[in-house]
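So the structure is just underneath, and the comments pick up after that.
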Amino acid sequence: MATEQALPAGAAAHVEATETLLPASALAPSSRQRTFLRYFTGTLIDLVVLGLFDEYSEKVHVYDFTTLVLASILLQFLLKWTIIAEHKILHLFDGKTGVAWKSFKYFTAWLILFGSKFVILEALSMAFGDLVQFHGVLHGIVWLILVVVTMVVVEELVVRFYRRLA
């Protein structure tokens, strides 16, 4: 109780009245709330995309809805970690000039983004075994890449649509 800060007289009543009179949507979200919403929305998008590929393609198979939800959560975190790793590694190229450095930077970005799909495929295999399967060329990596690219494109379209609403 000693750690509470004293508010000016009437301020506590004003804060409580303001918080109860305003709808929850009128309060500015915190940084943690924005992060949660970003991951939650991304996971739902991944869920829909993976579910549609499961339903309409013979090359993608997910055992049941629970597995679909858990796989979508794992995919969301793995995709975000890939993007974070890519940005941190590409940050090492800041200030480097010339065609060779630029070419090496783009090759490195491609290598990270392409190589991460093998890590994602292995993580899905370790986490779910035969419950999540991608069939086809290179043990299904082509279909995984197609699914992941679709997820990223749909997420970007949703973000652009959301920004246009402002």
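The values are calculated or read from the model by the stated rules, or taken from the named source; none is laboratory data. This structure is a prediction, so every number in the text was calculated from the model and none was measured. So basically every Cβ, Gly included, is an ideal-geometry build from the backbone, and we count neighbours across all protein chains shown.
Here are the numbers:
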item: Residue check for residue 108: part of a helix (DSSP H, G or I), surrounded by 12 or more Cβ atoms within 10 Å (Cβ to Cβ) and under 18 Å from the mean Cα position of the chain (by Cα); result: no
item: Residue within region 53-60 that is assigned to a helix (DSSP H, G or I), under 18 Å from residue 149 (Cβ atoms) and touching a strand residue (DSSP E or B) at 6+ places or on another chain (Cβ under 6 Å) present; result: yes
item: Boolean, residue 70 is part of a helix (DSSP H, G or I), out of contact with any Pro (no Cβ under 7 Å at 6 or more places or on another chain) and either at pLDDT 65 or above or surrounded by fewer than 16 Cβ atoms within 10 Å (Cβ to Cβ) (or both); result: yes
item: Filter result for the condition that a residue is touching a residue at least 24 places away in the same chain (Cβ under 8 Å) and either within 28 Å of residue 37 (Cα to Cα) or more than 14 Å from the chain's Cα centre (by Cα) (or both), over 165, 68, 138, 131; result: 131
item: Close pairs (6 angstrom Cβ cut-off, 6 or more residues apart or separate chains): among the polar types (S, T, N, Q) in region 26-52, surrounded by 11 or more Cβ atoms within 10 Å (Cβ to Cβ) anywhere; result: 43/72; 43/73; 43/76
item: Test: residue in region 94-101 that is modelled with pLDDT of 85 or more, out of contact with any Gly (no Cβ under 8 Å at 6 or more places or on another chain), surrounded by 15 or more Cβ atoms within 10 Å (Cβ to Cβ) and assigned to a helix (DSSP H, G or I); result: no
item: Enumeration of residues in region 119-144 that are crowded, with 18+ Cβ neighbours inside 10 Å and in a helix (DSSP H, G or I); result: 120, 121, 124, 140, 143, 144
